[in-house]
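Inspection log for the structure reproduced underneath, given as structure tokens.
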Amino acid sequence: MFDQVAAGYDRTNVVMTVGNDALWRIATTRAVAPKPGERILDLGAGTGSSSASLARSGAEVVAADFSPGMLAEGRRRHGRIRNLSFVEADATDLPFADAEFDAVTMSYSLRNVNDPKKALRELFRVTKPGGRLVINEFSTPPRGFFRGAYNFYNAQVLPRVARVAGTNGDAYDYLNESIRDWPDQKRLSAWIREAGWTDVAYRNLSFGIVALHRARKPEAA
């Protein structure tokens, strides 16, 4: 499914989020706070837009994704960035060594993993002690009126917009279902703690349409 939408994926995201995806990417990059010399894993990287943003800091960035089609599109767009590499990877069985990365991040992809709790444990495994986790994911707007309007948009408007702007309308029906069934901010925070992360916190972006979760791997881990 993701292979099929790769070519038009970024364009569709811009249309469906009314341009907010760029603001969310900036917030995620700032939360990761990449530094030259660091090694960073961007898991579920898709076409590599977030990875390219991180790589501009001078950090060595690995863009990993389960979809060969997404990775191929990412290499086409961003393959000239020397400190950015692309790796096909299963989030529940990462092909990386223990304590390999200074920071790990996922944007809008954790909910697409069959076992997200296992993915959080794998991210913990490959992160250095003291390393950082940043998860940006669709979430639950806390205000009732806005939440109702957002749910209406997801159910009634988003599929129609996706069919006009996207390359595979059925794939975006899945998008709505995955957002609807995804846990809220507090529950996801609990999952992150269960995986071993500490200093877990989150803040809402765009009234809670997405939530930016942050955590750290204990120094003694």
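The values are calculated or read from the model by the stated rules, or taken from the named source; none is laboratory data. Note that this is a predicted model, so its numbers are computed, not measured. No Cβ is skipped: glycine too gets one built from the backbone with ideal geometry, and neighbour counts run over all protein chains shown.
Quick check on the stretch 149-157. Is at least one of its residues farther than 19 Å from ALA31 by Cβ, in a helix (DSSP H, G or I) and of a type in the set (Val, Ile, Thr)? Yes, there is a match, as at least one residue in the stretch 149-157 is farther than 19 Å from ALA31 by Cβ, in a helix (DSSP H, G or I) and of a type in the set (Val, Ile, Thr).
Hey, can you tell me all the residues within the stretch 103-143 that are in contact (Cβ under 8 Å) with a residue 24 or more places away in the chain, part of a loop (DSSP other than H, G, I, E, B), among the polar types (S, T, N, Q) and out of contact with any helix residue (DSSP H, G or I) (no Cβ under 7 Å at 6 or more places or on another chain)? SER109 - this is the single residue of the stretch 103-143 that is in contact (Cβ under 8 Å) with a residue 24 or more places away in the chain, part of a loop (DSSP other than H, G, I, E, B), among the polar types (S, T, N, Q) and out of contact with any helix residue (DSSP H, G or I) (no Cβ under 7 Å at 6 or more places or on another chain). Step by step: first the residues of the stretch 28-49, then only those that are polar (S, T, N, Q) and modelled with pLDDT of 95 or more, then the one that is nearest to the chain's Cα centre (by Cα). Which residue is that? Here the residue is THR28. Taking GLY74 as the residue in question, decide whether it is small (Gly, Ala, Ser), surrounded by 19 or more Cβ atoms within 10 Å (Cβ to Cβ) and in a helix (DSSP H, G or I). Spelling it out, GLY74 is indeed small (Gly, Ala, Ser), surrounded by 19 or more Cβ atoms within 10 Å (Cβ to Cβ) and in a helix (DSSP H, G or I). The set of residues in the stretch 186-205 that are under 16 Å from the mean Cα position of the chain (by Cα) and surrounded by fewer than 18 Cβ atoms within 10 Å (Cβ to Cβ) comprises ARG203, ASN204, LEU205. For the stretch 77-102, the set of residues classified as assigned to a loop (DSSP other than H, G, I, E, B) and in contact (Cβ under 8 Å) with a residue 24 or more places away in the chain consists of ILE81, ASN83, ALA89, ALA91, THR92, LEU94, PHE96, ALA97, ASP98, ALA99, GLU100, listed by residue number.
Among the residues of the stretch 21-41, those identified as assigned to a helix (DSSP H, G or I) and either among the aliphatic types (A, V, I, L, M) or in contact with a helix residue (DSSP H, G or I) (Cβ under 8 Å, 6 or more places away or on another chain) (or both) are ASP21, ALA22, LEU23, TRP24, ARG25, ILE26, ALA27, THR28, THR29, ALA31, VAL32.
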